[in-house]
Amino acid sequence: MTAPITTAEQDQDITATVLRERSRLWNFIRRRVADQTDADDILQDVFYEFTQAYRLPDPIEQASAWLFQVARNRIIDRFRKKKEVALEDLAATDDDEDCRLDLMLPSPDAGPEAAYTRAMLLEELQLALEELPATQREVFIAHELDGVSFKEMAEQTGVSINTLLARKRYAVLFLRQRLQALYDE
């Protein structure tokens, strides 16, 4: 029988994990969050949650995987809170509301099964994004994940807003089709 882990040992384990995973986790978050302050907040939230969860009776088996999953959830939560672009500004069809990424994913607060489904969908989304033409992928990621407005993208790239809208629309249609079977399950 092993002796219960002391608080000092927990602190050492937490510190070692934070030091080991901090750089990779920071890079992961930064690739998905444009604003450095938001990325810092997310990283801090993830490590705070890790510290709290680590002290619970049930141990965290795979600390690295756990940290990255929590980071994914916090990133998505952050984007859910933001209001990006009004639908009228998109000059699109009535079903565009259904295209929003946050509406396609199960809530992270809906229990373990929803969390598993969410993780699986996010992994498949990553694979599907890699299949998109570069121009469509860049617009989709900039708008949906980084929160860059079409106006800002047009100013930065010199590409017209209508072209950017079309690229995102094609990306959304492809992703919807590509992920629909998974989502139906």
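The values are calculated or read from the model by the stated rules, or taken from the named source; none is laboratory data. Nothing here was measured: the structure is a model prediction, and the numbers come from that model. A quick note on method: Cβ atoms are made from the backbone with ideal geometry, for glycine too, and the neighbour counts reach across all protein chains shown. In case anyone asks, the SASA skips ligands and DNA or RNA and just uses the protein heavy atoms, side chains included. Shrake-Rupley method; radii C 1.70, N 1.55, O 1.52, S 1.80 Å.
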Expected output for segment 144-169 (first residue closer than 24 Å to Ile75 by Cα and touching a residue at least 60 places away in the same chain (Cβ under 8 Å), partner open to solvent by 40 Å² or more (accessible area, probe 1.4 Å) and of a type in the set (Lys, Arg), Cβ below 7 Å, 6+ apart or cross-chain) is Leu145/Arg32; Gly147/Lys82
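Kindly indicate whether any position in segment 129-144 is aromatic (Phe, Trp, Tyr), over 11 Å from Leu175 (Cβ atoms) and part of a helix (DSSP H, G or I). Break it down into steps so the answer makes sense when it comes.
If we filter segment 129-144 for residues that are aromatic (Phe, Trp, Tyr), which is where we start, we get 140.
From the residues that got through so far, the ones that are over 11 Å from Leu175 (Cβ atoms) too are none.
Within segment 129-144, not a single residue is aromatic (Phe, Trp, Tyr), over 11 Å from Leu175 (Cβ atoms) and part of a helix (DSSP H, G or I).
Would you check which residues across segment 130-160 are among the hydrophobic types (A, V, I, L, M, F, W, C), more than 23 Å from Asp38 (Cα to Cα) and either open to solvent by 40 Å² or more (accessible area, probe 1.4 Å) or under 13 Å from the mean Cα position of the chain (by Cα) (or both) and list them? Let's see the steps before the verdict.
Initial filter on segment 130-160 (among the hydrophobic types (A, V, I, L, M, F, W, C)): 132, 134, 139-142, 145, 148, 150, 153-154, 159.
Filter once more, keeping what is more than 23 Å from Asp38 (Cα to Cα): 132, 134, 154, 159.
Scanning segment 130-160 gives a single hit, Ala134.
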Residue in segment 32-46 that is under 28 Å from Leu122 (Cα atoms) and open to solvent by 90 Å² or more (accessible area, probe 1.4 Å) present
yes
Checked segment 47-73 for anything open to solvent by 70 Å² or more (accessible area, probe 1.4 Å) and under 22 Å from Leu125 (Cβ atoms); matches are Gln62, Arg72
